[in-house]
Amino acid sequence: MEWIQSNSPLLEWERIGQNARAVVVDSPRVPEDEEAVVDCGLFRFKLENKLNVVIEFEETQDNSDDGENAVSVRYAYSDFGKRNWATLSAACIPKKASGSGGLTARIPANRNYGGVIFHLQRGSKLIKDSDGQDFFAPFQWRAEAFAVGDETLEVFSYSRKVVFRMESSPKRVHYIVAYNKAEERSEKSLQAEFSGNLARAEAPQGAVGISFVLQLRDESWTNGKSSWTENSGGWTTSDASWYTSLRERSECESEGYYEFPLALNLKTKRVMALTRKNPFWVYPNNLTSTEQICPETLFFVAEVDDGRFFSAVAISDAKKNASCSFRGTPGGFVVRLEASDLGFADSALIAGMALGDSLDYSIRLTNQIASEMLGKRPRHLRLDRRPDFVNELGWCSWDSLGTDVCSDAVQRTVEKLVNIGIPVRWVVIDDGWQNTENRRLVNFDVIDKFGDLKNLCKVLKTDLGIRAVLVWHTVVGYWEGTSETCGLKVDENDSRFSTGLYTNDRVEMVNYWAKNYSVPSNPLEFFAVYYKALREMGIDGVKVDGLGLLEAGGGRGASTAAKAYDFRRAVEQTAEREFNGNVINCMACGNDSVFACSECQSSTVWRSSDDHAFRGVEENDFMVARHIWSNALNGLWLGEHFVTDWDMFRSSGRHGGLHAAVRGISGGPIYISDGEDDDYGVETMAQLVDKNGRTLVCSASARVCERSVFELPLGSGQAFYIWNENPINSVVGAFNLNVEPHTNVRADPAPSDSGILRMKCKTPHTQFGVYGFRSGFLGLVELNERVGPVSLMQPLVDYEVFNIAPVFRLESGVRFCIFGLVGKLNAGAVVEGLASDETSVVITLSAPGLIGLWSDRCPLSISVDGKILSFDRAENLITTADIPGSGAEILVQLTFP
């Protein structure tokens, strides 16, 4: 490919073989009078009767005007007044008057062109690139425009080349290109420097998506010459500009924030936004357009008319002490930036965005680029750092004992759990054990009413098999901080939270937490002293609550991203040293807390929704449904960074089975909160653990299936779907979350409901076996083929968990798939590897037990360590005898004829 540089600033050219393409990237101008001609060598532009723009160009191939060979121009144009892109076609006719072999095409001139893209087309066929690519292949025929302030960032993609254009020349653009390599999705993180007002990137063949973060370097912004605001009717538009400025930026500066309007030129069908209603938690909102996005939205995804998905995350940049959020406006949305020093926030990273061909991949791209630009560890390295307690069953004191917790009650409850056969291996002693006064921590001792904490730890570990004891505290000590009686210096903060929180419908909760806090001046010193004292008492980890309280010290419009980072670093470093990273992070769904983890990320467990019940507040159907819905949708964002914790639950009662099912595929820790007088769900808990007492945990955090992301399940009459992945298999859960009875709620899953299978599957004709935990074997299906339906009649009770196993074929032609442990909710978690030759296969299991599989031929034998095992076979379904073993790796060999 050869670049042809025009003398005109209007166009840049790319020649492909004998054909030519052009894209307007440098000016919205077209010829203004009939005498003006823009001559760019390959193309000539001129105005005709003030009605048409005439395009003249040479075309060396056969230009006969019969229908088979007639050449036309396809073009896309942007109207700058409305920021609206359209794609049209214009016929090309021979330039007979001039006697040449060239062609002309006419496009309407009564448009305010902001950009035009051309492509030649012969008949109904697009002319190929020199490398044989169709024009409408990924990364071609794309023209996106994003408003930043009162300017436009344009992103043109054609022939796998991407051009970023912005009039006032930002510093650089960071971007990630996603592409297919060896049939698997991959990403490459890059950056492009702006030269003048252009930056160029190139995507490899097979590219399927791009995401980018713009690093601002706009002199008009830093000097305060640009301003954006709104009147009582919202953002206004005019013929001259998209957003009209009604007041000087200095007034916005006095409020402590800037707002950057972004016009999304994509037509969205549905939007799901994660919005803060208080300083601690985010809640999902189902919307129809970005205009409806509430203030303090931190993340959203949108389904676009053309089938693609757009996702965006607001970034908190600790290095610039800047925090961002979204809110909707007519025509798009704005990014609100809050900072303690707005001048210093120049060049802060404010938002990451991605547009992809699948929901899961668009979200993955957005999160990856935002994380990498802020120095966070790659996703797979963070999720590999799961604390040991995540793989075992736990118990927490909060729901049953509340602040009346004491050592005797904890010991009695754990004794009962162990004696009845629930293999609890870790304990959380929640709020109520510390020595406090006026809601402040007064020293590092244990309150007298609790009893002897050190002796309790000894008894739990020595006599009851508990491997880890965690205690609760807030990030500032107790709910309103720490007293100087602890022997450390503290700062008194007059609190105020982010400005957007004061505009939502739960402002009373915000006002309740806007208190005076006594915050440790040196968090690293505070946690070093505190955690050392805990470790000496036998404590093995901590639940750090109230992380959102750090925002309270910022004052109006002042970001606390830097403070959140300092406290996170102190917690991470000290907990890594004293507790091997055993930390549960709680009340921390704001992006200040999320991005504050940065390169010091060692703890990975993150609560993903608020409490659904606790002592004195019994759960009901609505609370349970909202809890599951919120956790699942919050996982779209938090699950890219953390092991999401869906909170404790009671194993007994009406909702016990439903709670267990969603926790079983959540990918997070599983811990109950029943009291010593409760009726425990022993059988329910047995479905979650293997014979060694370890929980059957998925490989990642659960996601909402694409079909359920934009639906409100609490009254839709539909099932709500969640998916997760295991080393070989996938799992899809279907849940009846309707709070009112519906007579026809059914589940009909397909393997493609699993985002990981959809991304990795080489062909839609790949086969999978589907096995329902309750409904049994449902058959073999292809990727997009549905099974069932399975009835889910009872609201907040009925569910089904589907184990989806890929069908493998041996060289001899034998087909088989492995489902995993029989009678377990996440049966496939134990299947960790497969190896085969012509007539046999070796399955690597992580736990013993009864194994279920499907095969179209009966095995000659099934053996472990040379010992032949018996098995049952009925209609190609095989159940092995109880496979022995206690190690981390059990090898099972199946031999076929």
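The values are calculated or read from the model by the stated rules, or taken from the named source; none is laboratory data. Keep in mind it's a predicted model, so treat the numbers as computed, not measured. Positions of Cβ are generated from backbone atoms using ideal geometry, with glycine treated the same way; all protein chains shown enter the neighbour counts. The accessibility values were calculated without ligands, DNA or RNA, using every heavy atom of the protein model including side chains. Shrake-Rupley method; radii C 1.70, N 1.55, O 1.52, S 1.80 Å.
Taken over the stretch 639-681, residues that are more than 23 Å from Asn803 (Cβ to Cβ) and β-branched (Val, Ile, Thr) amount to 1. Given the residues Lys454, Lys449, Lys458, which is the only one that is closer than 19 Å to Glu676 by Cβ, charged (D, E, K, R), at pLDDT 95 or above and part of a helix (DSSP H, G or I)? Just a single option satisfies the conditions, and that option is Lys449. Checked against (1) on the phi > 0 side of the Ramachandran plot; (2) touching a residue at least 60 places away in the same chain (Cβ under 8 Å); (3) open to solvent by 10 Å² or more (accessible area, probe 1.4 Å), Lys760 passes all but condition (1).
Of note, Met648 does not satisfy the criterion of being among the hydrophobic types (A, V, I, L, M, F, W, C), surrounded by fewer than 24 Cβ atoms within 10 Å (Cβ to Cβ) and farther than 24 Å from Arg758 by Cβ. Given the structure, is Glu572 open to solvent by 10 Å² or more (accessible area, probe 1.4 Å), without any contact (Cβ under 8 Å) to a residue 60 or more places away in the chain and not in a strand (DSSP E or B)? When the stated conditions are applied, Glu572 does not pass them. Between a first residue in the stretch 467-493 that is free of Cβ contacts under 8 Å to residues at least 60 places away in the same chain and a second residue that is buried (at least 22 other Cβ atoms within 10 Å of the Cβ) and assigned to a loop (DSSP other than H, G, I, E, B), which pairs have beta carbons less than 8 Å apart while being 6 or more apart in sequence or on different chains? Hits for this filter: Thr482/Val476.
The listed residues are Glu618, Glu683, and the only one of them that is open to solvent by 30 Å² or more (accessible area, probe 1.4 Å), under 29 Å from Gly432 (Cα atoms) and without any contact (Cβ under 8 Å) to a residue 24 or more places away in the chain turns out to be Glu618. If you filter the stretch 786-811 down to residues that are out of contact with any Phe, Trp or Tyr (no Cβ under 9 Å at 6 or more places or on another chain) and among the charged types (D, E, K, R), you find that the one that is modelled with the lowest pLDDT is Glu811. Filtered by the rule that a residue be closer than 27 Å to Trp723 by Cα and open to solvent by 10 Å² or more (accessible area, probe 1.4 Å), the stretch 830-841 gives Glu832, Gly833, Leu834, Ala835.
Considering the stretch 791-827, the residues that are of a type in the set (D, E, K, R) and touching a residue at least 24 places away in the same chain (Cβ under 8 Å) include one that is surrounded by the most Cβ atoms within 10 Å (Cβ to Cβ), namely Lys824. Whether any residue in the stretch 694-714 is of a type in the set (Phe, Trp, Tyr) and part of a strand (DSSP E or B) is what I want to check. So far as the stretch 694-714 goes, no, none of its residues is of a type in the set (Phe, Trp, Tyr) and part of a strand (DSSP E or B).
Under the condition of being part of a loop (DSSP other than H, G, I, E, B) and modelled with pLDDT of 80 or more, the residues counted in the stretch 604-618 number 9.
Quick check on this structure: which one of Leu488, Leu453, Leu464, Leu501 is surrounded by 16 or more Cβ atoms within 10 Å (Cβ to Cβ), over 22 Å from Pro279 (Cβ atoms) and touching a Pro at 6+ places or on another chain (Cβ under 8 Å)? Among Leu488, Leu453, Leu464, Leu501, only Leu488 is surrounded by 16 or more Cβ atoms within 10 Å (Cβ to Cβ), over 22 Å from Pro279 (Cβ atoms) and touching a Pro at 6+ places or on another chain (Cβ under 8 Å). In this entry, Thr268 is excluded by the filter for residues that are modelled with pLDDT under 65, of a type in the set (Val, Ile, Thr), surrounded by fewer than 21 Cβ atoms within 10 Å (Cβ to Cβ) and farther than 29 Å from Met509 by Cβ. Of the residues Glu480, Glu484, the single one that is over 30 Å from Phe389 (Cα atoms) and modelled with pLDDT under 95 is Glu484. Out of Trp646, Trp637, one residue alone is modelled with pLDDT of 95 or more and within 16 Å of Pro284 (Cβ to Cβ). It is Trp646. With a requirement of 3 or more residues that are open to solvent by 10 Å² or more (accessible area, probe 1.4 Å), modelled with pLDDT of 80 or more and at negative phi, the strands (runs of 3 or more DSSP E) lying completely within the stretch 274-359 that satisfy it span 282-287, 322-329. When restricted to residues that are open to solvent by 30 Å² or more (accessible area, probe 1.4 Å) and modelled with pLDDT of 90 or more, the stretch 504-519 contains 0.
Testing Gln601 on (1) open to solvent by less than 10 Å² (accessible area, probe 1.4 Å); (2) within 30 Å of Lys320 (Cα to Cα); (3) at pLDDT 85 or above, one condition comes back false. Which one is that? Here Gln601 clears every test but (3). Annotation note: Cβ proximity below 8 Å between a residue of the stretch 433-459 that is within 26 Å of Tyr517 (Cα to Cα) and a residue that is among the charged types (D, E, K, R) (sequence gap 6+ or interchain) occurs for Asn435/Asp445; Asn438/Glu480; Arg439/Glu480; Arg440/Glu480; Val446/Asp452.
For the stretch 861-894, the tally of residues that are over 25 Å from Leu778 (Cα atoms), surrounded by 12 or more Cβ atoms within 10 Å (Cβ to Cβ) and polar (S, T, N, Q) stands at 3.
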